[in-house]
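Encoded as structure tokens, the structure appears first; notes follow it.
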Amino acid sequence: MMNTVQHAVSNVKNSFDFSVDKFRLSGPDNLRTPAFGLFRSDTMEFVGSGNNTFTDGYEPHTSDDVIALVEAASPLFDQNIETKCHWNDGHYVFVEPNKGFRREIYNSRDSVWPRLVIRAGYNGRAFTAMMGLFRDACQNMSMPRKVSGTITTIRHTHSLRDKMDRLISDFQKLNAAYDNLYDACQRMEANKLRVSDFLTQVMGEIPSEEGSKRTRYENRVESIVNRLMRERIELGRPDMETGVASGWELYNAVQGYVQHDKPRRGTPNRIDVILKTADDKMVRDAEILALSL
């Protein structure tokens, strides 16, 4: 009978059931070049953008290396984990505990759970592992950037499973990450901020001229404030001083808007949206302001 780590590893193996192989790129008339490109073995899809080229000595990491990362991370959650996998020119794995670790921020309806995001891209840089949070109240996944000890880098070397001791040591640097994030959430909750000032600092001043730019700004403010008030009602928060909210409420209102309500072209994958939200300037600025005194 498989344990939870074996189930999690099996999911990674099945999700990434292909290799990424290196082939020499040719010029006009099959002219030999010193550049190499990466291709998926199952679809022969080019990996990365058009300028993603590599030298002969570059060794692309394998699915087995990604499995080693997951196995090394599992002690963070007492070996009781589940995984969600995503491919976007590289391997992305969300590692989460399958029990325990739930913590309340405001009340029992406003709780968070840890989520570890492993990014193993093919850009020649180190892999990263970052601790984030999943919030029950709004089904948001967030990855605060200004909280200490929440991210670690892992050297991009070949055959990671032969280096498990070092890998486990790398992940142990995240031992305090969830505690640090929870403390940051509580600091946000304790901060009482004026909504209008907060949004002006996050979004800038309202455009002075009438037109589409001003309309988009006003629509964005309305969407964020509506989300703020809706969540306040759903969580049973008491009325506060007019125009004032906690930093936690405001951070989640902005983060939730960017993740769920912000207009986007096409129909991007939900996980791609989560990853883009973590890099969004409004979200990063909202985090800084929500934590500020």
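Points worth noting:
- The calculated FRET efficiency for the pair Asp179 and Val244, based on their C-beta separation and a Förster distance of 35 Å, comes to about 0.80.
- If R0 equals 41 Å, the separation of the Cβ atoms of Lys99 and Tyr217 corresponds to a calculated FRET efficiency of about 0.40.
- Within the straight-line cut-off of under 27 Å between alpha carbons, the lysines reachable from Lys281 are Lys84, Lys146, Lys173, Lys192, Lys213, Lys262, sequence neighbours fewer than 8 places apart in one chain being disregarded.
- The sum of -39500 (n - 2.57) across all DSSP H runs of n ≥ 4, divided by the residue count of the chain, sets its helix-only mean residue ellipticity at 222 nm to -11500 deg cm²/dmol.
- Computed from the C-beta positions of Lys13 and Asn80, the FRET efficiency with R₀ = 22 Å rounds to 0.70.
- Size of electric dipole in the chain: Cβ of Lys, Arg +1 and of Asp, Glu -1, about Cα centre, debye, nearest 20: 180
- Sorted on the mean count of surrounding Cβ atoms within 10 Å across their residues, most packed first, peptides 168-176, 185-193, 126-134, 16-24 read 126-134, 185-193, 168-176, 16-24.
- Selection among Ala129, Leu25, Ala73 by position relative to the dipole of the chain gives Leu25 as farthest towards the positive end (Cβ unit charges, Cα centre).
- Averaged over residues, the count of other Cβ atoms within 10 Å places the peptides 278-289, 205-216 in the sequence 278-289, 205-216, highest first.
- Pair-distance distribution of the stretch 4-186: all C-alpha pairs, bin width 10 Å, starting at 0; shares per bin in whole percent are 9, 34, 31, 17, 7, 2, 0.
- Whole-number D in µm² s⁻¹ for the stretch 194-293, Kirkwood Cα-pair radius fed into Stokes-Einstein, 25 °C, 0.890 mPa s: 171
- Rg and Dmax, both from the Cα atoms of the stretch 28-80 and both in Å, are 16.7, 57.
- Taking 0.36 nm per residue of sequence separation and removing the Cα-Cα distance, the Asp29/Asp197 pair yields an extension gain of 54.3 nm.
- Chain lengthening between Arg40 and Thr157 when straightened (0.36 nm per residue, less Cα-Cα): 40.2 nm
- Counting only Cα atoms, the stretch 239-293 measures 40, 22, 14 Å along its principal axes, largest extent leading.
Taken together, the values in this text are just the output of simple stated rules run on the coordinates, not laboratory data. Computed from a prediction, not measured in an experiment: that's the story for all the values here. Neighbour counts run over all protein chains shown; Cβ positions are idealised from the backbone, glycine included.
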